[in-house]
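Note sheet for the following structure.
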Number of protein chains: 2
Amino acid sequence: MSLIVQKYGGTSVATPERINAVADRIAATRRDDHDLVVVVSAMGHTTDELLELARGVSPDPPAREIDMLLTAGERITMALTAMALHARGIGAISLTGSQAGILTDASHGAARITEIKADRVRQGLENGKVVIVAGFQGVDPSSREITTLGRGGSDATAMALAAALGADFCEMYTDVDGVFTADPRIVSAARLLPEISFDEMLELSASGAAVLMTRSVEFGRRFSIPIHVRSSFHDRPGTWVKETTMEQAIISGIAHDNSESKVTVRGVPDRPGVAAALFEPLAERSVNVDMIVQNVGTDGSTDISFTVPRDSARHAAEVAEKVAVELGAVAVDLDENVAKVSLVGAGMKSHPGVAAGVFRALAESGINIEMISTSTIRISCVVRGDQAEAAVRALHAAFLPPMVVEEEGV
Amino acid sequence: MSLIVQKYGGTSVATPERINAVADRIAATRRDDHDLVVVVSAMGHTTDELLELARGVSPDPPAREIDMLLTAGERITMALTAMALHARGIGAISLTGSQAGILTDASHGAARITEIKADRVRQGLENGKVVIVAGFQGVDPSSREITTLGRGGSDATAMALAAALGADFCEMYTDVDGVFTADPRIVSAARLLPEISFDEMLELSASGAAVLMTRSVEFGRRFSIPIHVRSSFHDRPGTWVKETTMEQAIISGIAHDNSESKVTVRGVPDRPGVAAALFEPLAERSVNVDMIVQNVGTDGSTDISFTVPRDSARHAAEVAEKVAVELGAVAVDLDENVAKVSLVGAGMKSHPGVAAGVFRALAESGINIEMISTSTIRISCVVRGDQAEAAVRALHAAFLPPMVVEEEGV
């Protein structure tokens, strides 16, 4: 008998009909005699609708009250899911994040899980019940205030519970079939990956693959809990994210990210301490810098480029302007029309020619590379925003050509 | 400086616009430097919408999960109300029933408040904040389960908090102007009562006046907390319900109730223990019996009639059938087309002719009286259901004639 944690995202529980389908699926898992903890998100667009109500009463609502408001969303789903299970003769009990012992820090809207005190969850399991837990929410034990976990919060709830309970694995039910070699909306030849390693998934997630947040993959890696990313709309298996995979492909997938902007500080004097003078003030202002590239200059000055999330780009550029004046730099450019394309694969460690192959493939498609950044299993290039899709297609064709199916006979 | 508890019902907070209007009203109260606790209901039809979702997943959802579901409703209102106050520069904090220390018994869907541990409410007030509390909900401290208080639950929350905090008074904001001498939709000459005693209000509420539940009036009387029932749609004062009124009118008002049915057990042998044999089994099955009338018979047998809420009438009749067979009674009749009309007034204690006046007024309008029940300050008559409105009009004309406004001069 296994202990399984399942998580159902918003589209999977968008309507009573969808919740009934989820209950059927849970019932089927239950018939195999598995212990089951189910984490649910708010139904469909509930969170957006609640935020719309908030905008109707305040231009700038306090984060504490936003958390109070939004946590109503998962509360509704969890109760309905428990009811749907009861209607199928399956004992179930719903618990809020607070009741499930999801303890967090005090950061309303972006709380981090600090501890899981899953006594009531364990008690529910011991009583033979399916335990339904509201995702995305927790409680700060020092102030007893309700918090929300921010983006990917329900996945984090599921993984944290899986870790605390020693679950055999965690199933993330979503509206896509799993992890693909590239976004299937862009590359028609993109293939579903049956499995991928935590390290590769981390790089893909960090590079823009939205199917799993890095946060949950990190949980999985740290506590060795396999994650099965799959669709709640059919029964076919999805992608297993786990420690090691049977055979390491050279390249697992290609991710792209259109949500960043590029800031370039031109004509910076090329002397020690310049980078620190620029990036310390940005860090102090909580600007999340992703890629950084500095070229060695020839005339005693250099250009420093970095990428930041688009919604903090103007703020970052203003900070950079200020520093630039102090440093005696020439100018600061803000470029919002960029995209990052990343090739990820654990096998590239032992294949030194991959980077060269990336540059060649992009060049042959007439795509200019503006910034490059690499890790041992990833190569990322910043290109023009409107060339991102062409870049993804070029790299997919070069590194992940369609499998040739041999014809029978003849 | 006073401590005031305000309660806003569902129609008063039905939309973000209405919540903004409520926030303006709270802000005005706050400017007079009063400490303020505000109890809110779920927005408009939210509770019905949530129950509709529940019906979509289960024909018979467990009461615990219904409570989990419904408590999302007030949670949304309380957060939005706190936000609207913040937007007006007024410090506010929202608390769920559980956070506000509303402790109850374990009866999901109809929990009774057992204790108020209002530490967090007091702390909020000490921090100079308006404390917004979710009405209708509490927590059973022994099981830590969330409960709801059933009908009139938000009013009960407000009155219990007012009692626990020693509030100066409690304002119940609703969509009607206050307590009237009769339902203004039936009697055009019905007048708004500026004040009424707890005892009279209790009798009116118990007799069908829906503006205040008996439960809250009982709280007010027990803890001597005046209640101001008023409209949230304008600023005019409503009705003060309090200990004693300046001058006791003979008659305060007329209530009617169309929600009951009459059960008659005919030909019951007239011997001791017969009533107990009938009503004990009904009490054991939680049937809420209102009026009971037994006539002394002439031939050694008698008829016993009683009224019960219509939704438990068939059940009550079945129980009565069973007992009737055991007792050797002739038959059991169920009559669903009845109504109760009640005249209430503290002054009738010292005016012995009131009952006779009631019977005369109804007789003159051709209305037959089927059952009579009296208290020291109330006379109730059961009549045909389709004659209820005529009965209310006849009694209003007889006991509460329109005030004559004397013309100036001439």
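Since every read-out is calculated from the coordinates, none of them should be taken as a lab result. Since the structure is predicted, the reported quantities are computational estimates derived from the model, not experimental observations. Glycine gets a Cβ as well: all are built from the backbone with ideal geometry, and neighbour counts include every protein chain shown.
Please name whichever of A:GLY300, A:SER205, A:SER94 sits farthest to the positive end of the charge dipole of chain A, dipole taken about the Cα centre and charges placed at Cβ: Lys and Arg +1, Asp and Glu -1.
Going by the Cα projections, it comes out as A:SER94.
In whole Hz, with x marking every Gly and Pro, tabulate ³J(HN,Hα) for region B:117-130 from phi via Karplus 6.51 cos²θ - 1.76 cosθ + 1.60, θ = phi - 60°.
Ordered by residue, 3J(HN,Hα) equals 10, 8, 4, 5, 5, 4, 4, x, 5, 5, 7, x, 9, 6 Hz.
Find the centroid of the Cα atoms in region A:382-396 and in region A:213-239, then give the distance between the two in whole Å.
If you average the Cα positions of each part, the centres end up 27 Å apart.
Where in region A:328-346 does the label zone of A:ASP311 land, with the point 7 angstrom along Cα→C-beta and an amide N cut-off under 16 Å?
Label zone hits: none.
Please check: in the Gaussian network model of chain B (C-alpha springs, under 10 Å), which one of B:PRO226, B:PRO237, B:PRO62 has the largest mean-square fluctuation.
Of the options given, B:PRO62 has the highest mean-square fluctuation.
Under 1.5 on a/c is rounded, so check that first for region A:3-175, then, if it is not, pick prolate when a/b is larger than b/c and oblate when it is not; a ≥ b ≥ c are the square roots of the alpha carbon gyration tensor eigenvalues. If you can, show how the numbers build up before the last one.
Values: a/c = 2.13, a/b = 1.37, b/c = 1.56.
Oblate, since a/c reaches 1.5 and b/c is not below a/b.
Would you mind getting me the FRET efficiency between B:ASP33 and A:VAL330? Use the beta-carbon distance for r and R0 = 45 Å, nearest 0.05.
Values: r = 59 Å, r/R0 = 1.32.
Efficiency, rounded to the nearest 0.05: 0.15.
Whole-Hz ³J(HN,Hα) for each residue in region A:164-176, computed from phi via Karplus 6.51 cos²θ - 1.76 cosθ + 1.60 with θ = phi - 60°, x for glycine and proline: what do you get?
My calculation for region A:164-176 gives 5, 8, x, 5, 5, 6, 10, 9, 9, 8, 9, 9, 10 Hz in order.
Taking the Cα centre of chain A as the origin, how large is its charge dipole in debye, to the nearest 20, when only Lys and Arg (+1) and Asp and Glu (-1) carry charge on their Cβ atoms? Show your work: numbers first, answer last.
Values: 37 positive and 54 negative charges, 156 e Å.
Magnitude of the dipole: close to 740 debye.
If you take every DSSP beta bridge fully contained in chain B, what fraction is antiparallel? Give it as a percent rounded to 5.
Working: 44 of 72 bridges.
Roughly 60 percent of the beta bridges in chain B run antiparallel, per DSSP.
If Lys and Arg each add +1 and Asp and Glu each add -1, what is the summed charge of the other residues whose beta carbon sits under 13 Å from the beta carbon of A:ALA87?
That sum, taken over residues with Cβ under 13 Å, equals -1.
What residue in chain A has the Cβ closest to the axis turning A into B, and how close is it in whole Å?
Taking the axis that maps A onto B, the answer comes out as A:ALA72, 2.
Hey, got the average number of other protein chain Cβ atoms within 10 angstrom for residues in B:17-25? Provide the component values of the computation, followed by the final result.
On the way: counts 2, 0, 4, 3, 0, 1, 2, 0, 0.
Taking the mean over all residues of the peptide, I get 1.
To one decimal in nm, how far is B:GLY56 from the same spot in the other copies, if labels go 7 Å from Cα toward Cβ? Please give the shortest first.
Result for B:GLY56, in nm, nearest copy first: 1.9.
Taking 0.36 nm per intervening residue step and subtracting the Cα-Cα distance, what contour gain separates B:ILE292 from B:THR114 on full extension?
Computed gain between B:ILE292 and B:THR114 is 61.0 nm.
Could you tally the net charge around A:ARG191, taking each other residue with its Cβ under 13 Å from the Cβ of A:ARG191, Lys/Arg +1 and Asp/Glu -1?
That sum, taken over residues with Cβ under 13 Å, equals -3.
Please compute the average number of Cβ atoms from other chains found within 10 Å of each residue's Cβ in peptide A:82-91.
Numbers: counts 8, 15, 6, 4, 7, 6, 2, 0, 0, 1.
Average neighbour count from other chains, rounded to a whole number: 5.
Can you tell me the FRET efficiency between B:ALA355 and B:ASP270 if r is taken as the Cβ-Cβ distance and R0 is 30 Å, rounded to the nearest 0.05? Don't skip to the answer; put the middle values down first.
On the way: r = 26 Å, r/R0 = 0.86.
The computed FRET efficiency comes out at 0.70.
Pairing the Cα long axis of helix A:46-57 with the longest principal axis of chain A, what angle in degrees results, from 0 to 90 and rounded to the nearest 10?
That helix lies at roughly 70 degrees to the long axis.
Quick one: Cα centre-to-centre distance for region A:261-331 and region B:1-20, in angstrom?
That distance is 51 Å.
Under a 5 Å amide H to amide H cut-off, with H placed in plane at 1.01 Å, what residues pair with A:ARG112 once short-range neighbours are removed?
Residues meeting the criterion, in which the H sits 1.01 Å from N, are A:ASP105, A:SER107.
Against the longest alpha carbon principal axis of chain B, how many degrees, from 0 to 90 and to the nearest 10, is the axis of helix B:274-284 turned?
30
Place a point 7 Å from the Cα of B:PHE233 along the Cα-to-Cβ direction; which residues of region B:163-189 have their backbone N under 18 Å from it?
Once the point is set 7 Å along Cα→Cβ of B:PHE233, B:172-189 turn out to lie under 18 Å by backbone N, inside region B:163-189.
With Cβ to Cβ distances under 10 Å as the rule, what net charge do the other residues near B:PRO16 carry (K, R +1; D, E -1)? Could the numbers behind the result be given before it?
Numbers: positive: A:ARG55, B:ARG18; negative: A:GLU52, B:GLU17.
Local net charge: 0.
Give the long-range amide H neighbours of A:GLU195: residues separated by 5 or more places, or on another chain, with amide H under 5 Å away, using H modelled in the peptide plane at 1.01 Å from N.
A:TRP240
With θ set to phi - 60°, apply the Karplus curve 6.51 cos²θ - 1.76 cosθ + 1.60 along region B:192-209 and write out the HN-Hα couplings as whole Hz, x wherever there is a Gly or Pro.
Coupling constants for region B:192-209: 5, 8, x, 8, 7, 7, 3, 4, 5, 5, 4, 5, 4, 4, 5, 9, x, 5 Hz.
Name the residues whose placed amide hydrogens come within less than 5 Å of the amide hydrogen of B:THR147, ignoring near sequence neighbours (fewer than 5 apart) on the same chain.
When sequence neighbours closer than 5 places are left aside, the close amide H contacts are B:GLY138, B:VAL139, B:ASP140.
Under a straight-distance cross-link criterion of Cα-Cα below 18 Å, which aspartates and glutamates are reachable from A:LYS349, leaving out those fewer than 8 residues away in the same chain?
Correct list for A:LYS349: A:ASP199, A:GLU200, A:GLU203, A:GLU243, A:GLU247.
So for the protein assembly as shown: antiparallel DSSP bridges make up what percent, rounded to the nearest 5?
On the way: 88 of 144 bridges.
Beta bridges within the protein assembly as shown, antiparallel portion: roughly 60 percent.
Helix-only estimate, please: 222 nm mean residue ellipticity of chain A, summing -39500 (n - 2.57) across DSSP H runs of length 4 or more and dividing by its residues, to the nearest 500. The partial results should precede the final answer.
Values: 11 runs with 142 residues, N = 410.
It comes out at -11000 deg cm²/dmol, rounded to the nearest 500.
In nanometres, what is the gap between the two model label sites at A:THR15 and B:ASP48, each 7 Å from Cα along Cα-to-Cβ?
Result for the modelled spin labels: 2.2 nm.
I'd like the distance separating the alpha-carbon centroids of region A:58-127 and region B:29-104, in whole Å.
Cα centres, region A:58-127 to region B:29-104: 16 Å.
If you line up the long axis of helix A:354-364 against the longest principal axis of chain A, both from Cα atoms, how many degrees apart are they, to the nearest 10?
It is inclined by approximately 70 degrees.
Can you list, shortest first in nanometers, how far A:SER373 lies from the same residue in the other copies, with each label 7 Å from Cα toward Cβ?
7.7
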